[in-house]
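The values are calculated or read from the model by the stated rules, or taken from the named source; none is laboratory data. Just so we're clear, the structure is a prediction, and the values are computed from it rather than from any experiment. As a convention, Cβ positions derive from the backbone with ideal geometry for all residues, glycine included, and neighbour counts pool all protein chains shown. Ligands, DNA and RNA are excluded from the accessible area calculation, which covers all protein heavy atoms including side chains. Shrake-Rupley method; radii C 1.70, N 1.55, O 1.52, S 1.80 Å.
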Amino acid sequence: MPDFTMSRRSFMKNTAIVGGLASTSSFIDIRAGKASDIAEVRMQLGWLASNGLLGEIVARKKGFFQEQGIELTVVPGGPSVDGVTGVAAGQSLIGQTSSSPSVMLARGAGAPIKAFLAGYHKHPFTYYSLNKSPIRDPKDMIGKTIATQPTAFILLRALLAKNGIPEDQVKMVNMGSDMNQLLTGQADAVTGWSTNVNALKVLGADRVDLMLWDAGLQLYANVYYATDKALGEQADVLTRFTNAAAKGWGYVKDNPQEAVDILVEEYPNFDKASELEAVKPAIEFSFGDATRQNGWGGMTRENWEAQIKAYADLGQFKDKVPTVDEVVSFDILEASAAARKQVG
């Protein structure tokens, strides 16, 4: 489950631990001695490898990164890995986090990072209920018990605020990674990503979905970020990375079964049957009306402004409320527009 919060204290503590690496680690390593120099790029994930990497894995297999002069290394994350701190310290050129609030909260806490690309144009986070007590609209949550992950309580609070629902009219309780509280009647709704098809199977055909995006809180998912320094000094490398990633995701859209074969070849522990089910929603969140207009990976200033305001209204920025231009760089999107729109 994604971590939607970051305190300035935790960021500064982790930066102190790895801060010395910044002076010795370069953002990229240009390998010489070849017909054309290759930029070795590390991409730090904020979670363990998943189908959210399909486009990059396919692009690497098909040689799209090589065409752009990029050699990509994917660095897995996990519960004990602070990807933001590693990127800020120069250990990786690029980071990818599951949810856009992580970037704006980190920036508000002092991290010198900005988002430059969004893999999913809308967030798959969803509230799941059953037909016997359906939640199809935020107002249906009134008087109900909603179970959600500890790091996602802020999403529920923001959703209620967005829809003018007082928090004391909804009971919020903790949940883990499974959906049992809904099935046992301990909760009227549970939460998770709609791309996690395995976890959702247990709910069966009586499942009712209310996507966070449709409920009024419109976040991005699979957000790529880099430091201010990288965006200023390595913009060409980031643009070439984006060109290749866009082409890879375009290939996934046109060849989903082959893409899954490539993913399972790279990660043999993945279940192929489950990934074949999951690839359809992954493509739907990567492409759609927004991408037909702005291209794969596109973001808008208006959306980021709304996100920052929602979190500011709930007092989530402990030090300062960042501006959109402090949180996001649109330069790479502009520089890669032709490649991104070609697959959008």
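Cα-Cα pairs above 27 Å in segment 196-344: how many percent?
The share of Cα pairs beyond 27 Å in segment 196-344 comes to 37 percent.
Expressed as a whole percentage, what fraction of the accessible surface of segment 156-287 belongs to carbon and sulfur atoms when a 1.4 Å probe is rolled over the protein heavy atoms?
Values: 2560 of 5710 Å².
For segment 156-287, the apolar C and S fraction of the accessible surface comes to 45 percent.
So for the chain, considering every pair of alpha-carbon atoms, how many percent are separated by more than 38 Å?
I get 14 percent for the Cα pairs in the chain exceeding 38 Å.
Kindly identify segment 206-248 as rounded, prolate or oblate by the Cα gyration tensor criterion: order the square roots of the eigenvalues as a ≥ b ≥ c, call it rounded if a/c is under 1.5, otherwise compare a/b with b/c, prolate if a/b is larger, else oblate.
prolate
Using helices alone, I'd like the mean residue ellipticity at 222 nm for the chain: each DSSP H run of four-plus residues gives -39500 (n - 2.57), total over residue count, nearest 500. If you can, show how the numbers build up before the last one.
Working: 17 runs with 143 residues, N = 344.
Calculated from helices alone, the mean residue ellipticity at 222 nm is -11500 deg cm²/dmol.
Of LEU333, GLN169, LEU182, which is farthest on the positive side of the dipole of the chain, counting Cα position, with +1 on Lys and Arg Cβ, -1 on Asp and Glu Cβ, and the Cα centre as origin?
It is GLN169, whose Cα lies furthest towards the positive end.
Antiparallel DSSP bridges in the chain: what percent, to the nearest 5?
Here the antiparallel bridges make up roughly 60 percent for the chain.
Could you work out how far helix 256-266 tilts from the main Cα principal axis of the chain, as a 0 to 90 degree angle to the nearest 10?
70
Given N residues in segment 288-344, what is its alpha carbon radius of gyration divided by 2.2 N^0.38 Å?
On the way: Rg = 13.9 Å, N = 57, 2.2 N^0.38 = 10.2 Å.
That ratio works out to 1.36.
Scan the chain and hand back the longest stretch that contains none of the trypsin sites (Lys or Arg not before Pro) lying in DSSP loops with at most 10 other Cβ atoms within 10 Å. Intermediate results must be reported in sequence, preceding the final value.
Details: sites that count: LYS34, LYS132.
After excluding every exposed loop site, the longest remaining stretch is 133-344.
So how much accessible area does THR97 have, in Å² to the nearest 10, using a 1.4 Å probe?
20
Taking square-rooted eigenvalues a ≥ b ≥ c of the alpha carbon gyration tensor, is segment 35-135 rounded, prolate or oblate, where a/c under 1.5 means rounded and, failing that, a/b exceeding b/c means prolate?
On the way: a/c = 2.56, a/b = 1.51, b/c = 1.70.
Oblate shape, in that a/c is at least 1.5 and b/c is the bigger or equal ratio.
Under 18 Å from the Cα of LYS114, which lysines turn up, not counting those fewer than eight places away in the same chain?
Candidates past the 8-residue exclusion: LYS229, LYS309, LYS320.
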